[in-house]
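Undergrad: Before I ask anything, let me first share the structure, which is written out below as structure tokens.
The values are calculated or read from the model by the stated rules, or taken from the named source; none is laboratory data. Keep in mind that what you see is a predicted model, and the values were worked out from it rather than measured. Using ideal geometry, Cβ is built from the backbone for each residue, glycine included, and neighbour counts are taken over all protein chains shown.
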Amino acid sequence: MFSLAAKDRSFKEYLQDHDIDPANPTGHSTKVNDEVLRKVKPLVLLRNIYLKEDDGVLSRRSRKAPALYYGEDSIYAMSEGNPRLLAGLLSELVDADNRKSADEVQISPEAQNRVLVAASHRTETGIKTYPVPYRQAKYSLSRLINSLGRYLSLELTGPNFNGDPIGSFIVDSETPTEVIESIRLGLLIGAFVYVGTSSSDIPSEVLGARVRLSHMLVPLYKLVFRNYRPIRLSTALRIVSSSQRSMLWME
């Protein structure tokens, strides 16, 4: 946190707004640790890895960033509880094991990161090549996911730190019919996932449901495996449409 505060003025101000010393953001009360620091820890890690500061200007790293997606939690999160996906990821991780003997250390974080990022890109390819009706070209599933993925990424690694970012979408009544159809298709092929109180909490209709991008897409868009607050999908689409220029910051 100290490292990010040193280069990210918006995060430094966030800490100060919560009466936390940016030069020593540790050793606070249990309440502060639980309600502030622990809550934003994944966001801090993500921004610290993917953002850099040059002459007071914050920007995205253009070169390869350190490994971020690895470990048991990441593997299980990406599988979304699907045994087939989990088995596939584990199989690829075993293939990436370059240990000379079974007594050596486990697969490196870098190797795990490569496997999970590659799996995320394959998921994107599968979405792009999935056959859809021509009439859905404007609101195709792949375009919709790319727009929402970039929007969520900008929430997390945009110019300003956001301690309570958007992470999911409510399919509201103002959402275009074509978009709802793309959402329905995305849910069918696993590109979107329903958000409910439990895994069995599945609504009967897409309209009114809360959805998020599949965790298989998290490495692709540089997101985190967390379920943050929702926004109306129609609102998100309007923001995306009106903020294409700001999204160039992500390139």
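Undergrad: May I ask you to list the residues in the range 176-226 that are touching a strand residue (DSSP E or B) at 6+ places or on another chain (Cβ under 6 Å), within 18 Å of residue 78 (Cα to Cα) and in a loop (DSSP other than H, G, I, E, B)?
TA: Of everything in the range 176-226, those that are touching a strand residue (DSSP E or B) at 6+ places or on another chain (Cβ under 6 Å), within 18 Å of residue 78 (Cα to Cα) and in a loop (DSSP other than H, G, I, E, B) turn out to be 195, 214.
Undergrad: Determine whether residue 97 is more than 27 Å from residue 213 (Cα to Cα) and either of a type outside the set (S, T, N, Q) or under 22 Å from the mean Cα position of the chain (by Cα) (or both).
TA: Yes: the conditions hold for residue 97.
Undergrad: Restricting to the range 20-34, name every residue that is part of a loop (DSSP other than H, G, I, E, B) and without any contact (Cβ under 8 Å) to a residue 12 or more places away in the chain.
TA: 21, 27, 28, 29
Undergrad: Among the listed residues 211, 218, 224, identify the single one that is out of contact with any Asp or Glu (no Cβ under 8 Å at 6 or more places or on another chain) and free of Cβ contacts under 8 Å to residues at least 60 places away in the same chain.
TA: Residue meeting the stated conditions: 211.
Undergrad: Step by step: first the residues of the range 30-60, then only those that are in contact with a Leu (Cβ under 7 Å, 6 or more places away or on another chain) and charged (D, E, K, R), then the one that is modelled with the lowest pLDDT. Which residue is that?
TA: 60
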